[in-house]
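My questions will all concern the structure given below.
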Amino acid sequence: MPIAIAYHLAHYFTYLLIQGQLIVRLASDPFGFGWNLLGTARYRPDIGVVGARFAWYTAVIAIVAGHIIAVYVAHAIALREFRDRAAALRSQYPMLVLMVGYTMVSLWIIAQPIVENSPKR
């Protein structure tokens, strides 16, 4: 669950911040009747409220935090399941390596530049 929540936050938090501004317009015309109760019916969302740097850092923090929390929860469950603390710790090594790998790949993916090179003529 922590990883699913982290990835959801990483992918959709900026979308929520931008599209969530539409609530200002909907407050003036909640039923779509053409009303302008609060004087904000013509409000346009400001897409500049979320910069690329903010979006990237939010995604990085969410991904890293989600993976750390997932490793902690898995370790807490292993401690509950195994009687021997050393056995619980040994059981976590493969998962720890996998989580570090997942985190590195996730961070590498979001660090890639989003550009498209046009073919040279």
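The values are calculated or read from the model by the stated rules, or taken from the named source; none is laboratory data. On a predicted model such as this, the values are computed, not experimentally measured, just so you know. A quick note on method: Cβ atoms are made from the backbone with ideal geometry, for glycine too, and the neighbour counts reach across all protein chains shown. These area figures cover heavy atoms from the full protein model, side chains too; ligands, DNA and RNA do not enter into them. Shrake-Rupley method; radii C 1.70, N 1.55, O 1.52, S 1.80 Å.
Mind checking which pairs have a first residue in the stretch 18-33 that is closer than 17 Å to VAL49 by Cβ and a second that is among the polar types (S, T, N, Q) and open to solvent by less than 80 Å² (accessible area, probe 1.4 Å), Cβ under 9 Å, 6 or more apart or different chains?
VAL24/THR40; ARG25/THR40
Then there's this: Just for the stretch 7-39: of the residues that are in contact with a Pro (Cβ under 9 Å, 6 or more places away or on another chain) and β-branched (Val, Ile, Thr), which one is most open to solvent (accessible area, probe 1.4 Å)?
Within the stretch 7-39, the match that is most open to solvent (accessible area, probe 1.4 Å) is VAL24.
Tally the residues that are open to solvent by 60 Å² or more (accessible area, probe 1.4 Å) and outside any helix (DSSP H, G or I), restricting the search to the stretch 40-89.
So the answer is 7.
What is the one condition in (1) modelled with pLDDT under 90; (2) more than 21 Å from the chain's Cα centre (by Cα); (3) within 30 Å of ILE5 (Cα to Cα) that VAL60 does not satisfy?
Evaluating VAL60 over (1) modelled with pLDDT under 90; (2) more than 21 Å from the chain's Cα centre (by Cα); (3) within 30 Å of ILE5 (Cα to Cα) leaves (2) as the failure.
Let me spell it out: the conditions are (1) under 30 Å from PRO113 (Cβ atoms); (2) of a type outside the set (A, V, I, L, M, F, W, C); (3) without any contact (Cβ under 8 Å) to a residue 60 or more places away in the chain, and GLY66 meets all of them except one. Which number is the exception?
For GLY66, the exception is condition (3).
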